[in-house]
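> Mind having a look at this structure? Questions to follow.
The values are calculated or read from the model by the stated rules, or taken from the named source; none is laboratory data. Computed from a predicted model, the values in this text were never measured in an experiment. Neighbour counts run over all protein chains shown; Cβ positions are idealised from the backbone, glycine included. We work out accessible area using only protein heavy atoms, side chains counted, and drop any ligands, DNA or RNA first. Shrake-Rupley method; radii C 1.70, N 1.55, O 1.52, S 1.80 Å.
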Amino acid sequence: MQQPFQLPLTRRDALRSMGTGLGLLALPGLLEAAGNPLAPKDPHFRPRAKHIIHIYLNGGPSQVDTWDPKPELTKFGGKKLPLTNLTTERETGVALASPFKFKQHGESGLWCSDVFDKTASQHADKLCVIRSMHANTPNHEQSMRLMNTGDERLSRPSYGSWLTYGLGSENQNLPGFVTLCTGLPVADSSNWRSAFLPGIYQGTYLDTRKKEVEKLIANIRNPKIPQADQRKQLDLLATLNRRHQKDRSEDPNLEARIESFELAYRMQMEATDALDISRETKETQQLYGADKVHGRQLLIARRLIERGVRVVQCYHGDVQPWDSHGDIANAHKKLGQEADGPIAALIGDLDRLGLLDETLIICGGEFGRTPAVEIPIGRSSPPTGRDHNHHGFTVWLAGGGVKGGMAYGNTDAFGYQAVENKVHVHDLHATMLHLMGFDHERLTYRHAGRDFSLTDVHGRVVKDLLA
Amino acid sequence: MLVVGGKIDYTMFGRPTTITDLANFRRTVYAFVERQNLPDVIQTFDFANADTSTARRINTTVPQQALFAMNSQFVSQAAQLLADRFGKGTSEERITGIYQAALGRSPSAEEMQLGKQFVKQHAWQQYTQIILMTNELMFLD
């Protein structure tokens with residue numbers, strides 16, 4: 001056992017006792033502003049939206065089978081498409097007509113296939129469908145990162161981190177940016193990372209395979225110490241910390257840390273409350289289909305934004321569920337059955353609660369799919385699916401200041417590439433930031449010698465989408 | 001916390017270890033880093049971005065760090081080790097030992113009183129956990 005020892009003098013005491021003025025030399029370092037990185041801040045101008053719920057259909061849903069009907073594609077079914085060679089991940093063959101039926105919905109007459117029948121029939125006039133999206137690479141990792149962080153390869157902060165950095169958090173008892181997934185999407189946590197922004201702006205990832213609320217956030221409960229005991233612990237801790245602070249009052253970090261324990265104590269209760277969907281009426285739970293994970297995630301998302309969380313991402317599932325390289329007729333049908341009901345429920349619920357106007361809903365994946373059928377590797381099975389397509393795909397928006405009941409932009413006659421009013425992922429980002437009250441060129445952070453932003457040197461706000 | 005618990009493993013060099021493994025007592029510099037999947041605890045404590053060169057780490061003080069201190073198995077275990085390390089003797093002897101090991105000084109009369117009162121109603125492990133959570137231990141003067 002070590003000999004007990006006594007520190008002769010702390011550095012601080014030594015400086016103080018060494019005569020006039022020397023103690024003050026320590027002061028500049030001590031006054032380094034600690035501050036609260038999550039303190040609420042105003043955006044650049046009055047925002048239309050205060051929250052974002054991103055329904056992320058990871059894997060790449062096919063636009064010609066969902067929101068972008070292409071009669072020409074049906075005509076060309078089984079024949080080679082008259083298009084120049086567009087890069088795809090794998091080999092593609094002749095045109096594959098959509099196996100799904102398209103209908104018009106609402107007063108706007110918005111087209112949608114039966115994959116998302118409930119969402120379209122209930123809410124078509126609220127949706128702003130961007131048919132002319134395009135990205136850079138027909139691969140998941142790159143496109144996931146592009147959609148989430150604005151860069152395919154380099155380590156950049158996700159848009160959720162940028163927004164938490166710019167806005168802070170309205171509710172100090174909950175994380176400002178939360179991501180939900182049953183497992184992990186492709187590219188894992190680089191989708192919600194904070195990169196060079198302070199680590200606190202990183203997305204809080206919740207693995208929704210865990211149903212018990214207490215397992216969802218790390219260290220949210222003490223399994224051994226009851227709450228009454230913990231309160232006593234924190235009281236004594238605060239007493240000791242305050243005594244310690246008396247001689248060190250110029251250090252703001254000490255105060256910040258004292259407060260952080262009180263916040264953590266409150267977070268224990270508020271976070272577990274926010275994630276507990278059993279507190280909703282049976283009716284609401286049934287509406288969302290909350291016994292299944294997709295409904296449960298969206299209901300949790302609604303509860304979180306009600307409590308001031310800024311950005312919630314709900315991934316459809318582990319890895320890349322919408323990546324229907326084969327058997328698209330059955331695969332997309334099943335995926336639609338999983339997603340459609342909960343999405344329709346969420347929009348309706350937000351509307352009923354008066355939250356739709358201040359919540360921007362984004363729905364889509366990292367890219368789309370090819371109108372041409374994919375040739376399975378080694379030609380081992382008949383071709384029945386579609387390959388990745390970053391040249392043209394669909395993302396729709398709702399709420400939060402966007403125009404409803406419209407389709408913006410166009411792909412070519414077959415739905416392969418965006419040709420009219422093209423919207424790059426960077427443009428989508430610029431528009432998202434605009435709706436949340438930011439000029440995308442002015443929300444910056446200095447790193448490695450220059451100012452960085454989500455859109456970097458790209459991006460324009462698509463004004464036609466704004467209500 | 002590892003030093004104070006008396007169980008730190010000073011083995012240098014060799015293969016990295018998993019930081020979230022409770023049986024791992026090596027220094028954090030030997031933690032296994034998968035840059036696409038940094039453990040939460042590492043991110044919570046302002047670990048440098050593993051994808052680029054970081055000249056200077058950002059320092060934050062946030063509730064998630066407090067939650068780790070209050071509720072994690074790591075801190076719980078460290079507190080138990082510290083309590084066991086001074087598991088014998090009178091309350092006064094034990095509290096003095098704990099203070100000297102953790103904070104490098106003897107407790108004041110008031111601190112001794114507060115400590116003795118606390119351990120009358122709570123487990124020693126809960127007391128040592130408080131000492132491990134103090135600003136005095138966490139911040140260098």
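> At a probe of 1.4 Å, how much accessible area disappears from chains B and A on forming the pair, both sides counted, to the nearest 100 Å²?
Its buried surface, counting both partners, is about 4800 Å².
> Let me ask you something else. With everything on Cα atoms, drop me the angle between helix A:293-306 and the longest principal axis of chain A, reported from 0 to 90° to the nearest 10.
For A:293-306 against chain A, the angle is about 50 degrees.
> Please average, across the residues of A:234-246, the number of beta carbons from any other chain that are within 10 Å of each residue's own beta carbon, and give a whole number.
Mean shielding by partner chains, rounded to a whole number: 5.
> Averaged over its residues, how many other protein chain Cβ atoms are within 10 Å of peptide B:66-78's Cβ atoms?
The shielding value for this peptide is 6.
> Quick one: accessible area per residue over chain A, 1.4 Å probe, rounded to a whole number of Å²?
41 Å²
> Starting from the Cα-Cα distance between residue B:33 and residue B:106, subtract it from 0.36 nm times their residue separation and give me the gain in nm to one decimal.
22.4 nm
> Just to make sure I understand: if all protein chains stay in place, what is the order of A:324, B:108 by accessible area at 1.4 Å, largest first?
B:108, A:324
> P(r) for the protein assembly as shown, please, calculated from all Cα pair distances in 10 Å bins and given in %.
3, 15, 24, 22, 16, 10, 6, 3, 1, 0
> Okay, next question. How much of residue B:105 can a 1.4 Å solvent probe reach, expressed as accessible area in Å² and rounded to 10?
In the full protein context, residue B:105 sits at about 60 Å².
> Separate question: In straight Cα distance, which lysines are under 19 Å from residue B:116, not counting same-chain residues fewer than 8 positions off?
The reachable lysines, counting only those whose Cα sits under 19 Å from residue B:116, are A:232, B:88.
> What lysines sit close enough to residue A:210 to cross-link, taking a C-alpha to C-alpha distance under 18 Å and skipping anything fewer than 8 places away on the same chain?
Partners within reach: A:292.
> Sort A:50, B:116, A:211, B:88 by heavy-atom solvent-accessible area, probe 1.4 angstrom, most to least.
If we order A:50, B:116, A:211, B:88 from most to least accessible, we get B:88, A:211, A:50, B:116.
> Add -39500 (n - 2.57) for each DSSP H run of 4 or more in the protein assembly as shown, then divide by its residues: what number comes out at 222 nm, to the nearest 500 deg cm²/dmol?
Helix contribution divided over all residues of the protein assembly as shown: -10500 deg cm²/dmol.
> Please compute, for peptide A:37-44, the average count of beta-carbon atoms on other protein chains lying within 10 Å of each residue's beta-carbon.
Mean partner shielding for this stretch: 1.
> Here's a follow-up. Which of the trypsin sites (Lys or Arg not before Pro) found in the range A:252-292 are in a DSSP loop and have at most 15 neighbouring Cβ atoms, other than their own, within 10 Å?
Answer by residue number: A:292.
> While we're here: Going down the list A:215/A:246; A:126/A:282; A:282/A:333, which pairs span over 32 Å between their C-alpha atoms?
The answer is A:215/A:246.
> Looking at this model, which pairs from A:80/A:103; A:70/A:103; A:334/A:422; A:103/A:463; A:75/A:334 are more than 24 angstrom apart at the alpha-carbon?
Those over the limit are A:80/A:103; A:334/A:422; A:103/A:463; A:75/A:334.
> Protein chains only, probe 1.4 Å: how do B:17, A:179, A:239 rank by accessible area, largest first?
Ranked list, largest accessible area first: A:239, B:17, A:179.
> Give me the percent of DSSP beta bridges within the protein assembly as shown that run antiparallel, rounded to the nearest 5.
Looking only at bridges with both residues in the protein assembly as shown, the antiparallel portion is about 45 percent.
> Go through A:60, B:98, A:305 and say which Cα lies farthest out towards the positive end of the charge dipole of the protein assembly as shown; charges sit on Cβ, +1 for Lys and Arg, -1 for Asp and Glu.
B:98
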